[in-house]
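Written below as structure tokens is the structure these notes are about.
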Amino acid sequence: MVMPTERPVLVAGAGPVGCITALALARQGIPVHLLEAEARINDAPRAATTHAATLEMLDELGLVDEVISRGLIEPKFRLWDRASREVIVEFDFGALANDTRFPYVVQCEQHKLANMTIDRLRRFAHVTVDFSTRLASLQQRDDRVDAVLEGPSGTRTVSGSFLIGADGGRSTVRKALDIPFEGYTHPERFLVLTTTFGFDVEYAQCSRNYFSDPDEWCALFKVTGDDGAGLWRVLFPTRLEETDEQALSEESVQGRLQKFFPKPGPYPVVHRNPYNVHQRVAASFGKGRVFLAGDSAHVNNPLGGLGLNFGIHDAVELSALLGRVLRQEAPAAILEQYDRFRRPLNVEYVQQQTIANKKRLEEKDPALRAQSNAALRKTAADPAAHRAYLLRASLIDSVRQRAAAAQA
Ligand SMILES: Cc1cc2nc3c(=O)[nH]c(=O)nc-3n(C[C@H](O)[C@H](O)[C@H](O)COP(=O)(O)OP(=O)(O)OC[C@H]3O[C@@H](n4cnc5c(N)ncnc54)[C@H](O)[C@@H]3O)c2cc1C
């Protein structure tokens, strides 16, 4: 049943968060206009880890079976000491078997999620998807939002009942609302090297691995790749004095990989991508009829795989609130809950956790490293503490906290 609203909800950005927001609205019968500046979904290697709480939401949206079939199920993750090659600790999401239908993560690359969502959106007559269309500016009115779009046929203005800026960390929407992006940028960059080399021999028992090291920590993950054959991503920090050109040179790339895991012959490297890494949260997640979701509202380092997961939770919550308002089941005043609840949840569950994860991997003080490792081992060895740790790491706790606030 399509809702007889005068104007669609505008969604700027067809990253995974914009796509999921559009789908969650469309499934309620709400007309949606999704705009993407680029000609196609960005397939750079970014998020892959999809946690239990998010898998439950994707299940509600009819996406989880495809995410699982195109991804890789991994119940465990390991923290290693890089120098000694010893496993410090292993966590197993199987401990959450009584908490979730999905006691594991699924490694499914974010471009696959966005593309499968676009396929679903194209089946709705009340959804318009425009690629190569950039939101340039916006104007809030009493009863609508006007957005100026730049597309293949020039500049035009469209109106929406609401506008959601899912337009990434450099968000035009956030800037147009003049909302500060508070926090900091790490001085180093993160380098993702993707290889077809089969690390499976060494890491068959677990495909999510973090290696702590005072000089150069790293992380190793498996994804299925577009052909399903499997790719491994190795993540390193760059050195402060290193330019991108130096970090991306063949000599440096091979040197880093060989130092991590010496092998005969060069590594076949299919992608080499540097990323700026930030810990920032927008001072507000919305203003008037305009809201921010995903990276436009919050960015964090990728250690723990939380940024996109939380962005998908934004999408689900915001679309549910908007649905209630557009169906006139609740007054527009309920929309303030979006900022009131999601902003502190991001600080508590995503910012704090990812900052702690990075600090643990790079700690230089031997006494602090030993203390942190001992504490983690103790947590993993105690079944109740193990479960509690994973409830937080999988964002199940943040969803429960939000649900409890709704009941209060
Ligand atoms: C190396 C790496 C690994 C990561 N791993 C994980 C992980 O395992 N798990 C996890 O949860 N997160 C992870 N993340 C974070 C995750 O990639 C981001 O949180 C995610 O991309 C956010 O999605 P988004 O849709 O909000 O923004 P984006 O993916 O940045 O999409 C924004 C979209 O908006 C478009 N756009 C921009 N401006 C405009 C405009 N003016 N008009 C129209 N369109 C516009 C852009 O072209 C883009 O398509 C990782 C990040 C990195 C860098």
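Of all residues in region 264-280, those satisfying the criterion of being exposed (fewer than 12 other Cβ atoms within 10 Å of the Cβ) and more than 24 Å from the chain's Cα centre (by Cα) are Pro264, Gly265, Pro268. The set of residues from region 1-49 being more than 27 Å from Leu193 (Cβ to Cβ), surrounded by fewer than 24 Cβ atoms within 10 Å (Cβ to Cβ) and near the ligand (Cβ under 8 Å from one of its atoms) comprises just one member, Ala37. In the set (1) in contact with a Ser or Thr (Cβ under 9 Å, 6 or more places away or on another chain); (2) on the phi > 0 side of the Ramachandran plot; (3) not β-branched (Val, Ile, Thr), Gly29 fails one condition alone, (1). Counting only helices (runs of 4 or more DSSP H) wholly contained in region 191-270, the ones carrying 1 or more residues that are touching a residue at least 60 places away in the same chain (Cβ under 8 Å) occupy 250-260.
Sort out which residues of region 149-173 are within 14 Å of Val290 (Cα to Cα), more than 8 Å from the ligand (Cβ to nearest atom) and outside any strand (DSSP E or B), and write them in order of number. Selection gives Ser161, Phe162. Pairs linking a residue in region 50-62 that is open to solvent by less than 10 Å² (accessible area, probe 1.4 Å) to a residue that is more than 12 Å from the ligand (Cβ to nearest atom) and among the polar types (S, T, N, Q), with Cβ atoms under 7 Å and 6 or more positions apart or on different chains, are Ala52/Thr100. Each residue in region 122-134 was checked for being within 14 Å of the ligand (Cβ to nearest atom), open to solvent by less than 80 Å² (accessible area, probe 1.4 Å) and either over 20 Å from Leu23 (Cβ atoms) or in contact with a helix residue (DSSP H, G or I) (Cβ under 6 Å, 6 or more places away or on another chain) (or both), and 2 pass. In region 308-336, the qualifying residues are those that are away from the ligand (no atom under 16 Å from the Cβ) and among the acidic types (Asp, Glu), and the one that is surrounded by the most Cβ atoms within 10 Å (Cβ to Cβ) is Glu336. For region 216-227, the criterion of being more than 16 Å from the ligand (Cβ to nearest atom) and within 26 Å of Val67 (Cα to Cα) is met by at least one residue. In the set (1) out of contact with any strand residue (DSSP E or B) (no Cβ under 8 Å at 6 or more places or on another chain); (2) open to solvent by 20 Å² or more (accessible area, probe 1.4 Å); (3) away from the ligand (no atom under 14 Å from the Cβ), Pro75 fails one condition alone, (1). Here Asp142 meets the list (1) under 21 Å from the mean Cα position of the chain (by Cα); (2) among the acidic types (Asp, Glu); (3) at pLDDT below 95 almost entirely, failing just condition (1). For Gly305, the criteria (1) under 20 Å from Leu58 (Cα atoms); (2) assigned to a helix (DSSP H, G or I); (3) open to solvent by less than 60 Å² (accessible area, probe 1.4 Å); (4) of a type outside the set (S, T, N, Q) hold in every case but one, which is (2). Tallying residues that are within 16 Å of Ala283 (Cβ to Cβ) and open to solvent by 60 Å² or more (accessible area, probe 1.4 Å) within region 337-364 yields 2.
The values are calculated or read from the model by the stated rules, or taken from the named source; none is laboratory data. As the structure is a computational prediction, the values presented were derived from the model and not from experiment. A quick note on method: Cβ atoms are made from the backbone with ideal geometry, for glycine too, and the neighbour counts reach across all protein chains shown. These accessible areas exclude ligands, DNA and RNA; they are computed on the full protein's heavy atoms, side chains included. Shrake-Rupley method; radii C 1.70, N 1.55, O 1.52, S 1.80 Å.
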